[in-house]
Amino acid sequence: MKKTKIALLALSLFAGSAMADDASLKSSLEKIGATNVRLSESPLPGFRLATSNEGIVHISENGQYVVQGNFNVLELKNGKATDITHKAQMASLNALSNEMIIYPAKQEKHVVTVFMDITCHYCHILFENVKAYNEEGITLRFLAFPRAGVNTQTAKQMEAIWQAKDRMKALEDAEAGNLPKELKTPNLVKKHYELGIQFGVTGTPYMVTDKGEVIGGYVPAKELAKMLSE
């Protein structure tokens, strides 16, 4: 099993062990340098998930400890281990369904959400093979994740695509090399990007299954179908 480096930081900002409210937790993280902090449910009992411009950490509800690093949270039940690392984020993901560019499978077996960048080579390969994924029973839902951040031309181009009247055609045009001429301030894209950070996206394509499991990088259609069926 591959070991993951995890840092446990003790904060001396709270003297007692009582539960702290989100405002206090946010304040304590800001004191150690975090900016634009958002708090949500954590898969770790007794912790809150904190997303900031600096990344993701889990902070204990009493504000004394911070867990920093990438790791999976497995729930052991009836002799079976279930990955619940991103369980809390799935509601937020599905809430963006009206903003996704969706290619549905006629005989749907699985739903996979893809965080993509229009400048990403492997995203382009994946997109070229949408039909193959659909034939395997995989519905693909695309969200925007400009790898260089939201303050970029790519982010503005992707915003124009996702705000187009016909998003599907706009994305297909972009993938064919016909990028939007009109740039737009990233609003939808900013939401997608921030959610991607919560899912641990560091590169694209980055896939999230309907069970909340994540798959980083390009995986061919048949191989992905096999992975999803296991």
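The values are calculated or read from the model by the stated rules, or taken from the named source; none is laboratory data. Just so you know, these numbers come straight off a predicted model, no measurement behind them. As a convention, Cβ positions derive from the backbone with ideal geometry for all residues, glycine included, and neighbour counts pool all protein chains shown. The accessibility values were calculated without ligands, DNA or RNA, using every heavy atom of the protein model including side chains. Shrake-Rupley method; radii C 1.70, N 1.55, O 1.52, S 1.80 Å.
Would you mention how many residues in segment 46-70 are open to solvent by less than 30 Å² (accessible area, probe 1.4 Å) and assigned to a strand (DSSP E or B)?
Matching residues across segment 46-70 total 11.
Glu159: open to solvent by 20 Å² or more (accessible area, probe 1.4 Å) and either assigned by the TED database to the domain that holds Val112 or modelled with pLDDT of 95 or more (or both), yes or no?
Numbers: open to solvent by 20 Å² or more (accessible area, probe 1.4 Å): no; either assigned by the TED database to the domain that holds Val112 or modelled with pLDDT of 95 or more (or both): yes.
The answer is no for Glu159.
Looking at segment 111-120, can you tell me whether even one residue there is under 14 Å from the mean Cα position of the chain (by Cα), among the aromatic types (Phe, Trp, Tyr) and buried (at least 16 other Cβ atoms within 10 Å of the Cβ)? Before the answer, list the steps.
Residues of segment 111-120 under 14 Å from the mean Cα position of the chain (by Cα): 112-117.
Of the ones still in play, those that are also among the aromatic types (Phe, Trp, Tyr) are 115.
Narrowing further to those that are buried (at least 16 other Cβ atoms within 10 Å of the Cβ): 115.
Yes, because at least one residue in segment 111-120 is under 14 Å from the mean Cα position of the chain (by Cα), among the aromatic types (Phe, Trp, Tyr) and buried (at least 16 other Cβ atoms within 10 Å of the Cβ).
Mind checking which pairs have a first residue in segment 176-187 that is closer than 12 Å to Met158 by Cβ and open to solvent by less than 90 Å² (accessible area, probe 1.4 Å) and a second that is among the β-branched types (Val, Ile, Thr) and not in a loop (DSSP other than H, G, I, E, B), Cβ under 7 Å, 6 or more apart or different chains?
Close Cβ pairs satisfying both conditions: Pro180/Ile161.
Would you mind stating whether Gly203 is modelled with pLDDT of 90 or more, closer than 21 Å to His124 by Cβ, open to solvent by less than 60 Å² (accessible area, probe 1.4 Å) and out of contact with any Gly (no Cβ under 7 Å at 6 or more places or on another chain)?
When the stated conditions are applied, Gly203 does not pass them.
In segment 30-45, what residues are more than 19 Å from Gly212 (Cα to Cα), in contact (Cβ under 8 Å) with a residue 12 or more places away in the chain and not in a strand (DSSP E or B)?
Lys31, Ile32, Gly33, Ala34, Thr35, Asn36, Val37, listed by residue number.
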